[in-house]
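Visitor: Take a look at this one; I'll ask things after.
The values are calculated or read from the model by the stated rules, or taken from the named source; none is laboratory data. The shown structure was predicted, so the numbers you read here are calculated from the model rather than taken from an experiment. Glycine gets a Cβ as well: all are built from the backbone with ideal geometry, and neighbour counts include every protein chain shown. What goes into the accessible areas is simple: the full protein's heavy atoms, side chains included, and nothing from ligands, DNA or RNA. Shrake-Rupley method; radii C 1.70, N 1.55, O 1.52, S 1.80 Å.
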Amino acid sequence: MIPIIFFLIICISAFYIGYKLQRLWKVRFKYAQEHLIFSLAIGFIILSFIVFFLGIIGLLERFIVYLLLVIILTLFILEIKSIYSYYRATYTEKSIIHKSLINKLIIIVLLIFIIINFISSFAPAIEWDSITYHLSLPKIFIQQKTIIYIPTILYSLYPLFTEMLFLIGMFANETVPQLLSFLFSLMIIAVIYNFSKRYFGREIGLISSLIFYTMPIISERTSQTMVEIPYTFYSFLAIYSIFLWIDGKDIKNLILSGIMAGTSASIKQTGFVIILICSLFVIYQHFRKGGIVNHKSFSPRNFCVFLYLRVLRGDARGSAYEHLQQESPKKTFLVGDNIIKDISIFWMISFLFGTPWYIRSFLYTGNPFYGLLYNIFGGLNWNHQLDYYFKQSMADGMGVNLLSYILLPWNLSFHSENFSIPIGITPIFFAFIPLLIFIRKDNTINRLLFISWIFTTSWFITSQQIRLLMPIFPLLAIVSGFVVYTITEKKKQLTILVTTILSFTILFNLGISMGINDDKIEYVLGIIQPEQFFDNLKDFNPHNVAVYANNNLPSNSKILLFGEVRGYYLNLPYIWGRSTIQSIIDYDSLNNEEMLYDKLKSLEITHLFINKNYLNDMDTKDSIKKMELLIKRHSREIYEHNGVYLYELT
C-alpha cells in the first residue's frame, strides 16, 4: 500500500506544478484531458530537474525530497476546490463515447491489458537495462547523496531525465518507479485518444489506443523501468504541440513543443531527431502559409539572399522584399516575417531543456555524447578499441543498404528478431497502412506518415533496434486506426477482412502479453516464491548471488563485476570490470594475472562477482584468460548459483 500512496503523491505533485505553470502562462486547450496530460508532463519535467539540481549540489537527501513533496501536496489540498472549479468552468465539453457493442468491447480489451500491466508493475525489477543502469544508477546516487560520474559505468554520463523520476520513487522502493512507467503508458494512450478525437473522432481514438497498447513491445516495456515509454510520451507531445501551433499559431504551443522535444532529447540522444522534425514543420509552415506566396518561384538562392538581408544586414522586411523584387521582378517570393523568431524560440527552448545532461557529460569527459561520436569529440576514459566494441554491440538490424531500406516494413513485421526483439510490433501496421490507397487523402495522416518516415530513416542509418523506433508507434497506431474505422464505415467489402485481421492480432498479442507477464503475475499473487521467480528467468539473473553477498560479506567489501553488469541487486559498492566497455582496468596493458591482481588491489577490490554464462559475450579472450588465472591463484570460491560465482580475493 505504501508504494501506491507514494506514487499518488508524486503524481499529484507533478500535476499541481504543471497546472500552476499552465495557469500562469494562460495556456488553454480544447479539452480538459489535454490540459491534464500537459500538466502532468510539465510537472514531471520540473520534478526531474529539481532532483537533478539537488544531485549536482550533493543534497539528495530523503528528508529534502519528502519535505518538497509534502509542501506541494499541502498546496494542492488547499487549492483543490479552486482547481475543480477551474476545470468545471473552463472545459464544458463532455467526453461522450458512443456506447456501441464494438466500443464496449474495445474498452474491455484495453482494460484487460491495463490490468495485466498494472499487476506486473508490482513484480521485482528484472529487465536487463533496468537493473544495469535505469535503477542501478539512481540507487548509487541515493547512496552517495549526489549525482556522480562513475568511470567504469558508461551510462552514468547518459541523459538521465527519466532516472531522476525513478530516483524519487526509489526513496520508497523499486515498485514506485515501475508504477511511474506504467503511468506513462496510460498517458500515451490518453494522448493518442485526444489527438484522434481532435482531428478524426472518438471512435478512431479508441481503435488507435487499442492498436498501440496491445503491441507486444508495449506489454514488455510498460511494467519495467525502461525509458522508451517516457521517451515515446514526450516525443509524441512535442509533435502534438506542433500540430496545435500549426492550427492556431499560438506561440505558447510552439514553446510547449520545444519543452517536450527538448525533454525527449534529455531522455535519449535520438530525441534530437524529434527536435529536427519539429523544426522542419516550423520552417515549412512559414513557407506554406505566410511564406512563399508563389511556391513555384521559390529558390534556395532567394531564400539565402532574404536571410542575409534580414539577419546579417538587419534590413526591414519591406526593403528586403523590394530588393528581391528588383533582382527578380517576375518572381513573387516572400518569407514570413516571424520565421527567424519562431525557429529561434523553438531551438532555444529545446536546447534549454535538452542539453543539461550533455553539458554535464562534456564537462567530465570533453564529449557531450559520451560513448558516441568518439571520432569527433574523443572522451576521457574511452578509446578507439572501446568505441569499436560499443558500436558492435549496437549493430542490430539487417544492414544499411537500399534493399534493406526498401524491405524494412516487411522485415520489421516478420523478422523482428533481427532488430533485437523477437516479437516487437507484429504485422499490424504492415497490414493496415497500405490500405490507405483505397481511402481519400487526409492532410493530418500525411503529416503523421511524413514524421514516421523521417524518424525511421534516421533510425535506419544509426541503430536498428525496435525499441528506439517506439516514438513513431503512436503515430502509426493512429494511421492504422484511421484506416480500420474508415474502411469499416465506407468500404463495406473490406470490413470482414479488416476486422478479422484486427481481432486475430489482438488475440495473438494478448497471448504474448500473458507469456511476458505470467511469472510476474504469479509472483505478485503469491503463487511462486522470490527464489523460484528468479530461477525461472532465462537470462541467468544474478539476484540470488547478490542477496548472498549482501547478507554475508563485510560492509567494507568492494566488488568487481566481470561477465556481468547488472549490479542493481547489490547493496555493497561495486564497479564494472567488463573489458569491452571501460578502460579503468585496461587488460591489454596488464601483461599477466599478477599485474591484474595488483590493479584490483589498488582499486580496493575485495571480491569478484563473475557470471560465467556471459563471459564470451561480454569480454575479450585475453581478459578472460587473465581473470581465470587470477581466480586460480589469488581467490577462493565462496558461493555459486546458476553459473554465477562469488569469489574472495586472497
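Visitor: Could you look through region 393-421, keep only residues that are in a loop (DSSP other than H, G, I, E, B) and either of a type in the set (D, E, K, R) or under 20 Å from residue 211 (Cβ atoms) (or both), and pick out the one that is farthest from the chain's Cα centre (by Cα)? Quick ask: steps written out before the conclusion?
Guide: Step one: filter region 393-421 for residues in a loop (DSSP other than H, G, I, E, B), giving 394-401, 407, 415, 420-421.
Filter once more, so that each one left must be either of a type in the set (D, E, K, R) or under 20 Å from residue 211 (Cβ atoms) (or both): 396, 421.
On the way: 396: 19, 421: 16 Å.
Here the answer is 396.
Visitor: Can you pull out the residues in region 512-541 that are hydroxyl-bearing (Ser, Thr, Tyr) and either free of Cβ contacts under 8 Å to residues at least 12 places away in the same chain or open to solvent by 50 Å² or more (accessible area, probe 1.4 Å) (or both)? First the steps, then the outcome.
Guide: Going through region 512-541, the residues hydroxyl-bearing (Ser, Thr, Tyr) turn out to be 513, 523.
Listed by number, the list holds a single entry, 523.
Visitor: Right, here's the next one. Only one of 550, 509, 544 is more than 20 Å from residue 119 (Cα to Cα) and touching a residue at least 40 places away in the same chain (Cβ under 8 Å); which? Explain how you work it out, then say what you get.
Guide: Values: 550 fails: touching a residue at least 40 places away in the same chain (Cβ under 8 Å); 509 fails: more than 20 Å from residue 119 (Cα to Cα).
Only one candidate qualifies: 544.
Visitor: Please go through region 127-154 and pick out each residue that is in contact with a helix residue (DSSP H, G or I) (Cβ under 8 Å, 6 or more places away or on another chain), open to solvent by 10 Å² or more (accessible area, probe 1.4 Å), within 16 Å of residue 578 (Cα to Cα) and outside any helix (DSSP H, G or I).
Guide: The one that is in contact with a helix residue (DSSP H, G or I) (Cβ under 8 Å, 6 or more places away or on another chain), open to solvent by 10 Å² or more (accessible area, probe 1.4 Å), within 16 Å of residue 578 (Cα to Cα) and outside any helix (DSSP H, G or I): 150.
The rows are residues; the columns are (1) touching a strand residue (DSSP E or B) at 6+ places or on another chain (Cβ under 8 Å); (2) in a helix (DSSP H, G or I); (3) among the basic types (Lys, Arg); (4) at pLDDT below 55.
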| site | (1), (2), (3), (4) |
| --- | --- |
| 239 | no, yes, no, no |
| 260 | no, yes, no, no |
| 287 | no, yes, no, no |
| 290 | no, yes, no, yes |
| 293 | no, no, no, yes |
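Visitor: To continue, here is another question. Regarding region 13-33, can at least one residue be identified that is open to solvent by 10 Å² or more (accessible area, probe 1.4 Å), under 28 Å from residue 205 (Cβ atoms) and of a type in the set (Gly, Ala, Ser)? Explain how you work it out, then say what you get.
Guide: Going residue by residue through region 13-33, those that are open to solvent by 10 Å² or more (accessible area, probe 1.4 Å) are 15-17, 20-21, 23-26, 28-33.
Within this subset, residues satisfying the condition of being under 28 Å from residue 205 (Cβ atoms) are 15-17, 21, 23, 25-26, 28-33.
Among the residues that remain, those that are also of a type in the set (Gly, Ala, Ser) are: 32.
Checking region 13-33: at least one residue is open to solvent by 10 Å² or more (accessible area, probe 1.4 Å), under 28 Å from residue 205 (Cβ atoms) and of a type in the set (Gly, Ala, Ser).
Visitor: Pairs please, first residue from region 262-282 and under 20 Å from residue 372 (Cα atoms) and in contact (Cβ under 8 Å) with a residue 12 or more places away in the chain, second anywhere and of a type in the set (S, T, N, Q) and buried (at least 24 other Cβ atoms within 10 Å of the Cβ), Cβ atoms under 7 Å, 6+ apart in sequence or on different chains.
Guide: Qualifying pairs under 7 Å: 262/350; 264/235; 267/162; 271/235; 271/264; 274/235; 274/264; 275/350.
Visitor: Oh, and also: Would you confirm, using the coordinates I've provided, whether residue 419 is under 23 Å from residue 265 (Cα atoms), at pLDDT below 90 and buried (at least 17 other Cβ atoms within 10 Å of the Cβ)? If you could, list the steps in order and put the result at the bottom.
Guide: Working: under 23 Å from residue 265 (Cα atoms): yes; at pLDDT below 90: yes; buried (at least 17 other Cβ atoms within 10 Å of the Cβ): yes.
So residue 419 passes the test.
Residue by residue, here is whether (1) part of a helix (DSSP H, G or I); (2) surrounded by fewer than 16 Cβ atoms within 10 Å (Cβ to Cβ) holds:
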{"residue": "38", "(1), (2)": "yes, no"}
{"residue": "54", "(1), (2)": "yes, no"}
{"residue": "58", "(1), (2)": "no, yes"}
{"residue": "77", "(1), (2)": "yes, yes"}
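Visitor: Same structure, new question: Here's a check for you: in region 599-615, which residue that is in a loop (DSSP other than H, G, I, E, B) and open to solvent by 70 Å² or more (accessible area, probe 1.4 Å) is nearest to residue 649 (Cα to Cα)?
Guide: First, pick out the residues of region 599-615 that are in a loop (DSSP other than H, G, I, E, B): 603-606, 612-614.
Going one step further and asking which of them are open to solvent by 70 Å² or more (accessible area, probe 1.4 Å), we end up with 604, 612.
Details: 604: 10, 612: 17 Å.
Restricting to residues being in a loop (DSSP other than H, G, I, E, B) and open to solvent by 70 Å² or more (accessible area, probe 1.4 Å), the top hit is 604.
Visitor: Among 194, 173, which is the only one that is open to solvent by less than 10 Å² (accessible area, probe 1.4 Å), out of contact with any Ser or Thr (no Cβ under 7 Å at 6 or more places or on another chain) and not basic (Lys, Arg)?
Guide: 194
Visitor: Among the residues of region 572-598, which ones are of a type outside the set (Asp, Glu), open to solvent by less than 60 Å² (accessible area, probe 1.4 Å) and not in a loop (DSSP other than H, G, I, E, B)?
Guide: 574, 575, 576, 587, 596, 597, listed by residue number.
Visitor: If you don't mind, another one. When region 461-489 is examined, which residues are found to be in a helix (DSSP H, G or I) and open to solvent by 10 Å² or more (accessible area, probe 1.4 Å)? Outline the logic, then answer.
Guide: If we filter region 461-489 for residues that are in a helix (DSSP H, G or I), which is where we start, we get 461, 466-489.
461, 467, 468, 476, 482, 485, 486, 488, 489 - these are the residues of region 461-489 that are in a helix (DSSP H, G or I) and open to solvent by 10 Å² or more (accessible area, probe 1.4 Å).
Visitor: Just to check your reading of the model, which residue among 71, 50, 64, 102 is open to solvent by 80 Å² or more (accessible area, probe 1.4 Å) and within 23 Å of residue 162 (Cα to Cα)? Outline the logic, then answer.
Guide: Working: 50 fails: open to solvent by 80 Å² or more (accessible area, probe 1.4 Å); 64 fails: open to solvent by 80 Å² or more (accessible area, probe 1.4 Å); 102 fails: within 23 Å of residue 162 (Cα to Cα).
Just a single option satisfies the conditions, and that option is 71.
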